[in-house]
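Reading through the C-alpha cells given below for one structure.
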Amino acid sequence: MKLTMERIVKGEDEVIIRYHEMNKQLETIAGMVQGIGQKICAASDGQTLLLSPEDILYLESVDGVTYAYLEERVLKVQMSLFELAMAYGSRGFLRCSRSMVLNIYKINFLKSESGSRIRATMENGEQVMISRKYAKELRQRLKGGVKEDEE
C-alpha cells in the first residue's frame, strides 16, 4: 500500500482512500479516520468526563455496570459493552469475553494458554484472559494487519 501526504495552505483537511477492492485493513483505516475526536462519556466523583478511546486499556461489565480501565484509574462508563465494541471495533476494541472488551493497541504481550485461550498483558502490566470463543477473532485481526508491529 502506498501512502501520499500533501500539505495544503488553504481549505479543509481531507483523507482520500483509493482502492481496487475494499478489505479489512482499509476498513480499519477508514474507521480510525472517521472516529478521530469521538469521546466516551464516563463518570467519576459526580462529574462527567470525556475519554479518548485510545486511553482505555479495556472495558469490563460487572453486575450490569460498565467500567473503563485506564493506565492508573477505573471509571464508570454509560455505554454497554456491546455498544462500545460496535462503535469502536475499527479503533482496536475487541470483545475478549462475555464481560470484557479489550483495546488491542494497548497489548504488550500475548501468551497461549490451555484450552485455546490467550493471556494478554496490557501496557500497565495487568493480565487479561481472552476466552476461546474470542481468541480466534483476535488472531485474525492481528494477522490482518490491524497494526504492523503487533504481528
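Values as computed for the structure displayed
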{"item": "Conditions (1) at pLDDT 90 or above; (2) in a helix (DSSP H, G or I): number failed by A87", "result": "(1)"}
{"item": "Selection from the stretch 126-143 of residues that are in contact (Cβ under 8 Å) with a residue 40 or more places away in the chain and among the basic types (K, R)", "result": "R141"}
{"item": "Verdict on A42 being over 26 Å from G125 (Cα atoms), aliphatic (A, V, I, L, M) and either outside any helix (DSSP H, G or I) or touching a residue at least 40 places away in the same chain (Cβ under 8 Å) (or both)", "result": "no"}
{"item": "One residue from E113, E126, E137, E71 being closer than 25 Å to T28 by Cα, touching a strand residue (DSSP E or B) at 6+ places or on another chain (Cβ under 8 Å) and acidic (D, E)", "result": "E137"}
{"item": "Set D55, D63: member being surrounded by fewer than 12 Cβ atoms within 10 Å (Cβ to Cβ) and closer than 24 Å to M129 by Cα", "result": "D63"}
{"item": "Residue identified as over 16 Å from T28 (Cα atoms) and of a type in the set (G, A, S) among G64, G144, G89", "result": "G64"}
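The values are calculated or read from the model by the stated rules, or taken from the named source; none is laboratory data. A quick note: this is a predicted structure, and the numbers were derived from the prediction, not measured. All Cβ positions, glycine included, derive from the backbone under ideal geometry; neighbour counts span all protein chains shown.
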